1. Please state which one of 226, 288, 212 is more than 9 Å from the ligand (Cβ to nearest atom), among the charged types (D, E, K, R) and closer than 23 Å to residue 386 by Cα.
2. Residues that are modelled with pLDDT of 95 or more and under 17 Å from residue 479 (Cα atoms), at least 1 per element: which strands (runs of 3 or more DSSP E) completely within segment 1-120 meet that?
3. I'd like to check which helices (runs of 4 or more DSSP H) are fully inside segment 357-448 and have at least 1 residues that are at pLDDT 95 or above and on the phi > 0 side of the Ramachandran plot.
4. I'd like to check something: does segment 310-325 contain any residue that is more than 15 Å from the ligand (Cβ to nearest atom) and free of Cβ contacts under 8 Å to residues at least 12 places away in the same chain?
5. Sort through 394, 414 and tell me the only one that's under 21 Å from residue 350 (Cβ atoms), out of contact with any strand residue (DSSP E or B) (no Cβ under 7 Å at 6 or more places or on another chain) and not acidic (Asp, Glu).
6. Can you say whether residue 414 is crowded, with 20+ Cβ neighbours inside 10 Å and among the charged types (D, E, K, R), as far as the supplied structure shows?
7. Considering segment 127-156 alone, what residues qualify as being modelled with pLDDT under 95 and assigned to a loop (DSSP other than H, G, I, E, B)?
8. For residue 488, state whether it is surrounded by fewer than 22 Cβ atoms within 10 Å (Cβ to Cβ) and either closer than 13 Å to residue 444 by Cβ or in contact with an Asp or Glu (Cβ under 7 Å, 6 or more places away or on another chain) (or both).
Amino acid sequence: MSGPRPVRAARGNRLTTQGWQQEAALRMLHNNLDPEVAEHPDKLVVYGGTGRAARDWRSFDALSRTLRTLKNDETMLVQSGRPVGVMTTHEWAPRVLIANSNLVGDWANWEEFRRLEHLGLTMYGQMTAGSWIYIGTQGILQGTYETFAAVAAKRFGGSLAGTITLTAGLGGMGGAQPLAVTMNDGVAICVDCDPRAIERRIEHRFLDVRADSLEEALQLATDARDKRKPLSIGLLGNAAELLPRILGMGAPIDIVTDQTSAHDPLAYLPIGVDFADMAAFAAEKPADFTQRARESMARHVEAMVGFLDAGAEVFDYGNSIRGEAKLVGYGRAFDFPGFVPAYIRPLFCEGRGPFRWAALSGDPKDIAATDRAVLELFPENESLARWIQLAGERVHFQGLPARICWLGYGERERAGERFNDMVASGELSAPVAIGRDHLDCGSVASPYRETEGMLDGSDAIADWPLLNAMVNVASGASWVSLHHGGGVGMGRSIHAGQVTVADGTPLAGEKIQRVLTNDPGMGVIRHVDAGYDRAEEVAAEREVRIPMSEG
Ligand code: NAD
């Protein structure tokens, strides 16, 4: 019987498989389970609740064994984390095809999924867990950085210098907020009710200082803002109590958002409950707790609407706090928008999204060289340059060294081809796996997040991620994945991903050229189809063919 054991990807430029595409898939599968990367490697859980890299340890062994023997004209099929077949294909075909967590519409709920999972028939793939391209917390840091950069571009002349952001939640994902704000040169006050969350973020250098009182937090914030210096301040307390107080004081807050765990009312601290008593109260009286948490969220959202009325930029950061506040009757909950329609959709119209790559050598010098290449390729993009420079200084690699940055249609392909040339010339010491999050411009249907409030009302149309997966297969990606439920849960999303390996060969160069053009091209055509002017401009400027606009 095979069971839990430490897993770490091979390093260096010696193959342990029949080719670099298989080698990349094997190393990235193993990398997802590296103890530095995965949240619960013993349970094969990479991140996001129960997002797994393989269904069970027997499946993990079979995946590894099959990848080691898989030929360059063969394709391994993976059904929810278990290899179920090897078929003869051809050298342009993906080496691995993955389908995770998919259920037929009427059965697509947590209850049925958990029943099937319990029977050992499926697993939760999240977005990048079961598709073997998770790179640790750098991903959420960059996404949060990009959101705040978009806020700066929309409202504050391209920089958050001289502004104060007020937010709450310093947990697994929300903990990226203070560093993302300071990387955009702003000041952030971040409330959390758990002292450990504040301490941990200071230890990891994501948060600068802790204030001992609300008054001290506001003093530190306004001083730094006046000097236009970036600073992030942790403030202990309940956001549902503190936000109305800060609003009542008339404090000069420019931006308000929230990343408390409001999506799960049993994880949101109600007003009047001590943090120390929270877990016991939630376990003993879940119905009471839920009601009080929702009523507190309504007060929290009411304060956010108050800041909106006072002129601040206010947005929901994908934690369902508006929906929870509405459930207990707060009528103005949806007065402020979600972050995708507010800031991210214009980027999606340009085919922009979370491009990422990992150095299969394991050598950080390879990532430093690719960082320099990206800076050379896109000198006009200041926000990208700031991110790459700060990431080089501040991001600690987890597992194989990797980098993420948002690139658009026309840009990803240039970066990929450059990386392939750098492998060919020996400037990089081994090949590079180039992929992305499933959260991308043309690869997701998710009406509460990526496709919330589409212009033509097409939020729940899921043909797009299916077309995305198919076009990546047709274009020569090394592995392609099609998942259900990631990010927002069962029944709420369908999404696709691809990884393409730059191994320095001319064939890899041709595949990269097609995949990294067509994959972001899906974002452009999806948004043209929904009627976005910016997408139409991009399609016209960059010659993306739209049949319905021809003839
Ligand atoms: P988490 O559970 O790790 O952290 C939540 C934090 O909120 C904890 O530190 C907790 O102490 C704090 N908290 C709870 N109630 C509070 C209250 N009343 N006042 C102050 N602090 C309180 O969760 P996470 O992984 O950081 O995610 C946070 C939320 O953001 C989730 O709902 C997640 O779905 C959402 N999220 C969305 C996106 C996106 O849409 N792109 C990205 C990241 C996170």
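1. Exactly one residue qualifies, and that residue is 226.
2. Where strands (runs of 3 or more DSSP E) fall fully within segment 1-120 and carry at least 1 residues being modelled with pLDDT of 95 or more and under 17 Å from residue 479 (Cα atoms), they are 74-79, 82-88, 96-100.
3. Correct list: empty, since no element meets the threshold.
4. Yes - at least one qualifying residue is present in segment 310-325.
5. 414
6. no
7. 135, 136, 137, listed by residue number.
8. Against the criterion (surrounded by fewer than 22 Cβ atoms within 10 Å (Cβ to Cβ) and either closer than 13 Å to residue 444 by Cβ or in contact with an Asp or Glu (Cβ under 7 Å, 6 or more places away or on another chain) (or both)), residue 488 qualifies.
The values are calculated or read from the model by the stated rules, or taken from the named source; none is laboratory data. Here the structure is a predicted model, which means the values were calculated and not measured. Counting neighbours? That spans all protein chains shown, and the Cβs are built from the backbone with ideal geometry, glycine included.
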